[in-house]
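Trainee: Would you mind keeping the following structure in view while I ask a few things?
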Amino acid sequence: KQEVTQIPAALSVPEGENLVLNCSFTDSAIYNLQWFRQDPGKGLTSLLLIQSSQREQTSGRLNASLDKSSGRSTLYIAASQPGDSATYLCAVGFNTGKLIFGQGTTLQVKP
Amino acid sequence: DAGITQSPRHKVTETGTPVTLRCHQTENHRYMYWYRQDPGHGLRLIHYSYGVKDTDKGEVSDGYSVSRSKTEDFLLTLESATSSQTSVYFCAISEGLAGAYTQYFGPGTRLTVL
């Protein structure tokens, strides 16, 4: 059974720090990996999607990497801001059309 | 934001009563999904649809049924609600299979079963 784990569960950093969120998965036969952001009481917003053939994707201050062989992905956030405070979820996708989500990392960026 | 609405946004009901949640999209996407989100379990897929009248089960489908009679609407029904179905329910859509395409999520429905 595919399992997706995100560590740490919570993280608090001062504004301006660069930080890394981690995601690991047990089955390397994934189709892609996606990172989402969820604000309290809201739905999920897609941040980045990495196809299985890719090693990284970038959007603004965000960079996501994927290492299928080791079952790991990282989300790098540069120069963090208080507005980045949210829960970040990773999800692995399969060619069956299903996504398996991790439980998320809750990030707090303090001014 | 993708044009996805969910109704109702909040509902409190009693054990044993039927409940229907509605997801409506204006994007004409083929795929629609229902998830539930619970502390300690994250997001789990209940059912999904790959076209009008075409649906399939997810990992936690017991106690739930779905219907899709129009491209834009996907209904989730709890035939006889139980307290274990207290959760936040999210609808999502995608142009193609979720494994290959970005999913867009609705704002969620908070359901409490007393």
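Trainee: Would you mind estimating how fast the range B:1-63 diffuses translationally, via Stokes-Einstein at 25 °C and 0.890 mPa s with the Kirkwood radius over Cα pairs, in µm²/s? Working shown, then result.
Mentor: On the way: Rh = 13.5 Å.
It comes out at roughly 182 µm²/s.
Trainee: Same structure again: What is the magnitude of the charge dipole of chain B about its Cα centre, with +1 placed on the Cβ of each Lys and Arg, -1 on the Cβ of each Asp and Glu, and no other charges, expressed in debye to the nearest 20?
Mentor: On the way: 11 positive and 12 negative charges, 31 e Å.
Using only the charged Cβ atoms, the result is roughly 140 debye.
Trainee: Further question: Can you give the net charge of the other residues whose Cβ lies under 15 Å from the Cβ of residue A:4, counting K and R as +1 and D and E as -1? Before the final figure, lay out the partial values.
Mentor: On the way: positive: A:1, A:68, A:72, A:98, B:44; negative: A:3, A:27, A:67, B:59.
Around residue A:4, the charge tally is +1.
Trainee: If we sort A:15-27, B:64-76 on the protection proxy, mean other Cβ atoms within 10 Å, highest first, what's the order? Before the final figure, lay out the partial values.
Mentor: On the way: A:15-27: 15.5, B:64-76: 17.5.
Ranking the peptides A:15-27, B:64-76 by packing returns B:64-76, A:15-27.
Trainee: Still on this model: Treating the range B:48-114 as a set of equal point scatterers at the Cα positions, no solvent, please give the Debye-formula log₁₀ I(q)/I(0) at q = 0.27 Å⁻¹.
Mentor: For the requested q values the scattering log ratios are -1.41.
Trainee: Next up: Bin all alpha-carbon pair distances of the range A:1-56 at 10 Å intervals from 0 and give each bin's fraction as a whole percent.
Mentor: 17, 45, 33, 5
Trainee: What does the charge count around residue A:75 come to, taking other residues whose C-beta lies under 15 Å from its C-beta (Lys +1, Arg +1, Asp -1, Glu -1)?
Mentor: Its environment carries a net charge of 0.
Trainee: Moving on. Which net charge results for the neighbourhood of residue A:13, defined as the other residues with beta-carbon distances under 14 angstrom from its beta-carbon, given Lys and Arg at +1 and Asp and Glu at -1?
Mentor: So the surrounding residues net to -1.
Trainee: For the residues A:12, A:69, what sequence is obtained by ranking on other C-beta atoms within 10 Å, fewest first? Mind dumping the intermediate values first?
Mentor: On the way: A:12 11, A:69 6.
Final ranking by Cβ density, sparse to dense: A:69, A:12.
Trainee: In peptide B:38-45, how many Cβ atoms from other protein chains are near each Cβ within 10 Å, on average?
Mentor: Across B:38-45, the average partner-chain Cβ count within 10 Å equals 4.
Trainee: Here is a follow-up. With equal scatterers on the alpha carbons only and no solvent term, can you work out the Debye log10 of I(q)/I(0) for chain A at 0.18, 0.24 1/Å?
Mentor: -0.83, -1.39
Trainee: Full extension from residue A:69 to residue A:95: what is 0.36 nm times the residue separation minus their Cα-Cα distance, to one decimal in nm?
Mentor: 7.6 nm
Trainee: Once Rh for the range A:60-111 is found with the Kirkwood sum over Cα pairs, what is the Stokes-Einstein diffusion coefficient at 10 °C and 1.306 mPa s, in µm²/s? Walk me through the numbers on the way to the answer.
Mentor: Details: Rh = 12.8 Å.
Once the numbers are plugged in, D ends up at 125 µm²/s.
Trainee: Here is a further query. Calculate, in nm to one decimal, what residue A:19 and residue A:3 gain on full extension: separation in residues at 0.36 nm each, minus their alpha carbon distance. Mind showing how you got there, number by number?
Mentor: Details: separation 16, 0.36 × 16 = 5.76 nm, distance 2.37 nm.
So the extension gain works out to 3.4 nm.
Trainee: Still on this model: Which of these, A:98, A:42, A:68, has the largest mean-square fluctuation under a Gaussian network model of chain A (Cα springs below 10 Å)?
Mentor: A:42
Trainee: What number results when the radius of gyration of the protein assembly as shown, computed over Cα atoms, is divided by 2.2 N^0.38 Å? Don't skip to the answer; put the middle values down first.
Mentor: On the way: Rg = 17.4 Å, N = 225, 2.2 N^0.38 = 17.2 Å.
The value comes to 1.01.
Trainee: Moving on to the next point. Once chain B is represented by equal point scatterers at the alpha-carbon sites, with solvent omitted, what log10 I(q)/I(0) does the Debye formula produce at q = 0.14, 0.16, 0.18 Å⁻¹?
Mentor: Result of the Debye calculation: -0.50, -0.66, -0.84.
Where a number appears in this text, it was derived from the coordinates with a stated rule and is not lab data. Only a predicted model underlies this, so the values are computations on that prediction, with no experimental measurement involved. Positions of Cβ are backbone-derived with ideal geometry, glycine not excepted, and every protein chain shown enters the neighbour counts.
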